[in-house]
Amino acid sequence: MSKKHNFSAGPCILPEEVFQKSAEAILDFNGSGLSLLEISHRSKDFVAVMDEARAIVKRLMKLGDDYEVLYLGGGASLQFAMVPFNLMKSENGKAAYLDTGTWAAGAIKEGKKLGTVDVVGSSKAENYSSIPKDYKVGSEYDYFHCTSNNTIYGTQMREFPKVDTLLVCDMSSDIFSRVIDFSQFDLIYAGAQKNMGPAGTTLVVIKKEILGKTGRDIPSMLDYSLHIAKESMYNTPPVFPVYASLLTLQHLENNGGIAAAEVRNEAKAKLIYGEIDRNPFFETFCVKEEDRSLMNVSFKLTDESKKEEFDNAWKEAGISGLNGHRSLGGYRASMYNAMPIESVQVLVDVMKNLN
Ligand code: PLP
């Protein structure tokens, strides 16, 4: 089988080593004579996987014991609801949200079900083509929620605001891709299926002291405190996604950690944006250079009559997953941590050859 250059937005490319080691574990986990898929999540071997999967996140993010790490089910979409359940006061609860795209809007929708939501900044009127920066968040809010990278529109927050309340961030599509002071956040969540592993688990990183202050009776499965008390094993955890996520994070740690990933991601982004800026046939959806995503490059043709020629050329070059999100059209080159720069060069060469 010849591997494709996989630009898919997620589920997406993972390091080759992760595929190999996952396959081995499915056949025989740690030489136990059992598959990873048939062992008990309470077995010594799997408890060790969960412990290390939680510990490695804190090492990579340089976070201390005041933070807890969970691997939950339900996707990042469940976090849209779990965040307000756990952080919005039961009486007169009020949160501030930044509306930077479809996923941010999804979080806002869930927040509104439990209390008052003020959208303190939005780029909706300009079809989410930039990141709003002119807003303030005061202490009257229970928390502020933002989305670090907008997977569909190809915009990314370079800086995070200083707010007078808890800072919550959906990092689903750029977690572990760049150096950030993670200690500025009170809660971070991310669906695994981009930079971390296969679909099926969601990483949640929480500053412990923020919990238990809402006066709300939280359904057990939505209660972070309960998941923490049970060390992410309140119910049967998504065993395979957690194991494959651990392998991906070990691969990251063994290859220079987040700082080295950032250098590789910047080089890939420079290569493709350089071509988009140079080539009159292409333009990005993101209107401001400072808001361009390093992970998802959403772009379009300036001359639609070139569509067939371009589509044929990238498919022939072995590229897959380049079509833009159905809500936006155009193209999207998702270049997560595991994407080699050689694949980006293949795409850039195809773009160069369009004439
Ligand atoms: N948040 C962001 C930024 C995303 O990109 C996505 C999916 O692509 C989601 C949330 C939803 O994730 P899930 O499908 O895991 O619920």
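G138 passes all but one of (1) within 16 Å of the ligand (Cβ to nearest atom); (2) small (G, A, S); (3) surrounded by fewer than 19 Cβ atoms within 10 Å (Cβ to Cβ); which number fails?
(1)
Could you please give the count of residues in region 193-204 that are closer than 11 Å to C12 by Cβ, surrounded by 24 or more Cβ atoms within 10 Å (Cβ to Cβ) and in contact with a Phe, Trp or Tyr (Cβ under 9 Å, 6 or more places away or on another chain)?
The number of residues fulfilling the criteria is 4.
Take residues that are farther than 30 Å from F285 by Cα and at pLDDT 95 or above and tell me which of the helices (runs of 4 or more DSSP H) falling wholly in region 32-124 contain 1 or more.
It comes to 44-61, 75-87.
Any chance region 4-16 includes a residue that's in a helix (DSSP H, G or I) and either modelled with pLDDT under 95 or under 28 Å from S173 (Cα atoms) (or both)?
Looking through region 4-16, at least one residue is in a helix (DSSP H, G or I) and either modelled with pLDDT under 95 or under 28 Å from S173 (Cα atoms) (or both).
Does any residue of region 259-281 turn out to be over 26 Å from Q20 (Cβ atoms) and of a type in the set (F, W, Y)?
Among the residues of region 259-281, at least one is over 26 Å from Q20 (Cβ atoms) and of a type in the set (F, W, Y), which makes the answer yes.
Can you find, within region 66-85, the residue that is nearest to the ligand (Cβ to nearest atom) among those that are in contact with a Lys or Arg (Cβ under 9 Å, 6 or more places away or on another chain) and over 20 Å from D164 (Cβ atoms)?
F80
Answer with yes or no whether I218 is touching a Leu at 6+ places or on another chain (Cβ under 6 Å) and either buried (at least 19 other Cβ atoms within 10 Å of the Cβ) or of a type in the set (A, V, I, L, M, F, W, C) (or both).
In short, no.
Of the residues that sit in region 162-187 and are outside any loop (DSSP other than H, G, I, E, B), crowded, with 23+ Cβ neighbours inside 10 Å and touching a residue at least 40 places away in the same chain (Cβ under 8 Å), which one is nearest to the ligand (Cβ to nearest atom)? Write out each step before concluding.
Here is the first cut: in region 162-187, the ones outside any loop (DSSP other than H, G, I, E, B) are 166-170, 182-184, 187.
Next cut, crowded, with 23+ Cβ neighbours inside 10 Å only: 168-170, 187.
The next check asks that each one be touching a residue at least 40 places away in the same chain (Cβ under 8 Å); those that pass are 168, 170, 187.
Numbers: V168: 13, D170: 5, L187: 14 Å.
Applying the filter and picking the extreme gives D170.
Filter region 86-125 for residues that are farther than 22 Å from T155 by Cα, surrounded by fewer than 22 Cβ atoms within 10 Å (Cβ to Cβ) and within 16 Å of the ligand (Cβ to nearest atom) and give the result.
If the condition is that a residue be farther than 22 Å from T155 by Cα, surrounded by fewer than 22 Cβ atoms within 10 Å (Cβ to Cβ) and within 16 Å of the ligand (Cβ to nearest atom), then E110 is the only one that fits.
Show the residue pairs meeting these rules: Cβ distance below 6 Å; 6+ apart or different chains; first residue within region 67-91 and in the same structural domain as E52 (by TED's automatic domain parsing); second residue near the ligand (Cβ under 10 Å from one of its atoms) and part of a helix (DSSP H, G or I).
Final answer for the pair search is F80/G106; F80/A107.
Going by the conditions given, is I276 of a type in the set (V, I, T) and closer than 30 Å to L247 by Cα?
Judged against the criteria, I276 is not a match.
Pick from region 144-161 the residues that are touching a helix residue (DSSP H, G or I) at 6+ places or on another chain (Cβ under 7 Å) and part of a loop (DSSP other than H, G, I, E, B): which of them is nearest to the ligand (Cβ to nearest atom)?
Checking each candidate, the answer is T151.
Pairs only if they're at least six apart or on different chains, beta carbon under 9 angstrom, first in region 313-327 and free of Cβ contacts under 8 Å to residues at least 24 places away in the same chain, second not polar (S, T, N, Q); list them, first residue then second.
K315/L322; E316/V350; N323/D311; N323/G329; N323/G330; N323/Y331; N323/R332
In this structure, is A190 within 16 Å of the ligand (Cβ to nearest atom), of a type in the set (A, V, I, L, M, F, W, C) and surrounded by 18 or more Cβ atoms within 10 Å (Cβ to Cβ)?
Here the answer is yes, as A190 does meet what is asked.
The values are calculated or read from the model by the stated rules, or taken from the named source; none is laboratory data. Here the structure is a predicted model, which means the values were calculated and not measured. In this analysis, Cβ positions are derived from the backbone assuming ideal geometry, glycine residues included, and neighbour counts consider all displayed protein chains.
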